[in-house]
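These notes concern the structure reproduced below.
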Amino acid sequence: MPRASVSCLPPSLAPRGLSRGQAAEYVGIGATKFDEMVADGRMPKPKRIDGRTVWDRVKLDEAFAELEDGAMTARVEWDKL
C-alpha cells in the first residue's frame, strides 16, 4: 500500500507550483475545462521542472483576475436583445 505524502510546509503556506489537477481545482474548474483554457490562452502555460509539469500559482491568480466577470457578460448579452 502506498504511503501518503506528508508536507513539510506549514498549512498557511500554499505551494507555488501546482499539478494540473491542483491548478484546475485552484481556479474552481475541472481538468478538461482547464486544458481548454490553457490552450486558448485564458490560463497560463505550465513550467517544466525536469520531468514534471507545474503551474505557477501566482500566474494562475493573475490569469483568473483577468477573466471577465459573469454578471458583466450576461448584461452585455441582454443588451444585445
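Please compute the net charge surrounding Q22, taking Lys and Arg as +1 and Asp and Glu as -1 over other residues with Cβ under 15 Å from its Cβ.
That sum, taken over residues with Cβ under 15 Å, equals +3.
Over the range 8-54, what number does the Rg to Rh ratio reach, with both radii from the alpha-carbon atoms and Rh per Kirkwood?
Here the Rg-to-Rh quotient is 1.01.
What ranking do 43-51, 6-14, 29-37 get when scored by the average of other Cβ atoms within 10 Å per residue, highest first? Intermediate results must be reported in sequence, preceding the final value.
Numbers: 43-51: 12.1, 6-14: 6.9, 29-37: 14.4.
Top of the packing list down: 29-37, 43-51, 6-14.
Where a number appears in this text, it was derived from the coordinates with a stated rule and is not lab data. A quick note: this is a predicted structure, and the numbers were derived from the prediction, not measured. As a convention, Cβ positions derive from the backbone with ideal geometry for all residues, glycine included, and neighbour counts pool all protein chains shown.
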